[in-house]
Amino acid sequence: MLKELKAKNAPEEEIATVKKQLEEVKKHLWKGTSVGSAGKEKKGAQITLKTPKGTKDYNEREMHLRERVIGTITGIFKKYGGVPIDTPVFELKEILTGKYGEDSKLIYDLEDQGGEKCALRYDLTVPFARYLAANGIANIKRYHVAKVYRRDQPAMTKGRMREFYQCDFDIAGQYDVMIPDAEIVAVLKEVLTALDIGEFLIKMNHRKILDGIFAVCGVPEEKIRTISSAIDKLDKQSWEDVKKEMVVDKGLDEIIADKIGTYVRRKGGPELVDSLLEDSELTSNKRLKEGLEEMKKFFEYSKVYGTQDRVSFDLSLARGLDYYTGIIYEAVLIDDAPVPTAPKNSKDEEAQTRIGSVAAGGRYDELVGMFASSSKGKVPCVGISFGIERIFAILMSKYEQSKLRPNHTQVFVMSMSDGLLLERIEIANLLRQNNISAEFTFKTKPRMTAQYEFCDKNLIPLAVIIGKDEISRGVVKIKAMSKEAAAAAQTKNEGDEVKVSDLVAEISRRLCL
């Protein structure tokens, strides 16, 4: 600014005034205060060093666990043939609106700065459907791990946040009925089993069945979605409270509500499907009967997949999102109780399943078609989304932070005397070139105690110890720095002498690489 004024031959008084104002701004910025229009300080305007509500920072130990969890999940996705994609963190607002039912109010709008009205993505499913339609893709097994955003009231201790990761796996394409659906549930079971987060139950229902029950019971078409959202609360509220919401708040006839209650409080397995198929009033509804036959087919496949022991056919499950068209499911943790094949409708079971949902999904055959200009653009899809934040919160509560490793270092190279910096660098490089994570301290003559403390603090399993005598003989010592590493190496833990030429092979053996 000063250069511009001088170039324009501005008066010296004007240049001096601008220079003084710039000095004031600089001084206040260093103090962490703001400057008013008159150049005066706004007292108490120091920068607030906190994250926005519903977001958080993650330290190195937490991130190590998060990477491990996400790595476990994506490893299973790949095993089932999944390929990764990515989409922008924000979409055109018109892409997202009208896809989430009552939850559409939770979409984060962005200010219009480039001639387009945009919004932060609410989930990964709608962007995936837009991606399929935009690229003319008819068949894909995709997975996507990325952040999504909800303008919700956060509950940080329960893993409900405004910014959080979702891990999605979806199968898109024309396939025979229920085969992709059964495979998705197999992925769901394998992921939750591998993460070892506790006993879980996969609650399942079908939108054709639920909507058919509403139609048979006499629910007006325009009230089906709003009554669905009330029924979906049965895992958290009593039937009396849900019925009150339907009758008092949403204007449903009490006789219709009572009739709905005779169905939606039922839970079970294949035998419940058979029982409903014998109900002539229900099977008179074409879509309902079609849904029951699809559920029967699903249970046939789930028996072969080995998932039937974890599945409960739960007629109260509704899932609030508008885009679901077929099978829907939700995985919930249960409190250290065995998972029954056909859970009974009891208050005890309802209490067990209140711990919370850790994954959910379903079939959405019409979502891609909303973005397509022709009938050829309609691509049937089914998918699952894992609530990574809730899973992470559960796992964090199982482990003490002090016992979580903050990094991936497998070996620490230390010297007993005289520093031996160049030798430590050389050995660390040798290990790294052979894909073994290694560190050493950036001191020319580090204290031995400080090196041991670093290993203890960072839970590093092995140390390579060098000294002048060892170097002259072409050997080093390998020491197990934890009881587990010592037990795996079957050593007394005082350190084992190894030739430098054999070091990589011995470290790899001990680390099971």
Sum of side-chain charges, V368 neighbourhood, beta-carbon under 10 Å (Lys, Arg +1; Asp, Glu -1): 0
FRET E, pair T97, V177, Förster distance 25 Å, beta-carbon r, rounded to 0.05: 0.20
Area accessible to solvent at Y143, 1.4 Å probe radius, in Å²: 20 Å²
Added length on full extension, which subtracts the Cα-Cα distance from 0.36 nm per residue, K378 to D456: 22.4 nm
The stretch 195-301: trypsin sites (Lys or Arg not before Pro) in DSSP coil with no more than 12 other Cβ atoms inside 10 Å: K236
Accessible heavy-atom area order of H408, H206, highest first, probe of 1.4 Å: H408, H206
Three-way shape label, the stretch 411-511, alpha-carbon gyration tensor, a/c 1.5: rounded
Fully extended contour minus Cα-Cα distance, from A215 to T193, at 0.36 nm per residue: 4.1 nm
Heavy-atom accessible area per residue - the stretch 411-511, 1.4 Å, Å²: 55 Å²
For T449, solvent-accessible area (1.4 Å; no DNA, RNA or ligand), Å²: 80 Å²
Computed FRET value (nearest 0.05) for L422 with E67, which takes r as the C-beta separation and R₀ as 22 Å: 0.10
Solvent-accessible area, 1.4 Å probe, carbon plus sulfur percent, for the stretch 356-457: 52 percent
Accessible solvent surface per residue of the stretch 167-326, calculated while the other protein chains remain in place, 1.4 angstrom probe, Å²: 40 Å²
Portion, in percent, of the accessible area of the stretch 197-289 that falls on carbon or sulfur, probe 1.4 Å: 48 percent
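How long is the gain from K79 to E222 if the chain were fully straight, where each residue apart is worth 0.36 nm and the alpha carbon distance is subtracted?
47.2 nm
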V89 paired with D253, simple spin-label distance in nm, labels 7 Å along Cα-to-beta-carbon: 5.2 nm
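The values are calculated or read from the model by the stated rules, or taken from the named source; none is laboratory data. Just so it is clear, the model here is predicted, and its values are computed rather than measured. Note that each Cβ is placed from the backbone with ideal geometry, even for glycine, and that neighbours are counted across all protein chains shown. The accessibility values were calculated without ligands, DNA or RNA, using every heavy atom of the protein model including side chains. Shrake-Rupley method; radii C 1.70, N 1.55, O 1.52, S 1.80 Å.
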